[in-house]
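Only one structure is covered here, and it is reproduced in the block below.
Each reported figure results from applying straightforward, stated rules to the coordinates on display, with no laboratory input. No experiment lies behind these values; they were computed from the predicted model shown. Cβ sites come from the backbone with ideal geometry, for glycine too, and all protein chains shown count toward neighbours.
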Amino acid sequence: MRNTEIGFVFQGFNLLSRTSALENVELPLLYARQHSRVGAPRPGHRGADGGGPGRPAGHHPNQLSGGQQQRVAIARALVNNPTLLLADEPTGNLDTRTSIEVMGIFQRLNVERGITIVLVTHEADIAEYATRVIAFRDGAGQRLTAPSRIAATRHRGCARLRGARAAYGEHPCRCSMTFVVALKALRRNAMRTALTALGMIIGVAAVIVMVAIGTGASASIQNADSAAPARTSSW
């Protein structure tokens, strides 16, 4: 439910450092078993292109600016066409022009696709894009606006959410997905994988050698005892 129906835009990005921008965006598709091939076009990609990863799709997060990382995070949140989008300061690291583009995307997603967007911001001009604003002061919330079109949007979103709940738990085994993720992790961390494998080989070899030495010593002692002549004592 969380993966297929809820999108998250984190203030701290939470991008995987050892994967490219494109792979970060496609990660929800992999967990949802919708990842047919790298770079496969998805509806969420088109919705995020205005604030998406842009040209440096093959770059890692440490090679991107803060604004580019934020766009990657937004694209990742939209790639599964969620019913509910939770955004924590989604424009905090963007310039004014890009912020306007991103908020335009959010508005279109809300109106055209019925996606409910819950956005937290400290910027008054960004809050003006919302159809309903709740201001928090001293721990108390006050509703400022609530246009009527929210009802229709919420109704469409609830219908999709009920359909997802009905299908929840009917997904096939995720063993193949886990295997693919594991292989990708091993490939990205080749040195660590090699060192871990070397350590395991040395450990297993040491155990085998110790067992062999112990078995050989025990057999040698038994052979020596059996070969020794029997001794008798007389008084």
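Computed values, structure above
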item: Added length on full extension, which subtracts the Cα-Cα distance from 0.36 nm per residue, T193 to D125; result: 19.6 nm
item: Packing rank of 201-214, 76-89, 184-197, where each peptide gets the mean count of other beta carbons within 10 Å, highest leading; result: 76-89, 184-197, 201-214
item: Square roots of five times the Cα gyration tensor eigenvalues for the stretch 97-143, Å; result: 21, 14, 7
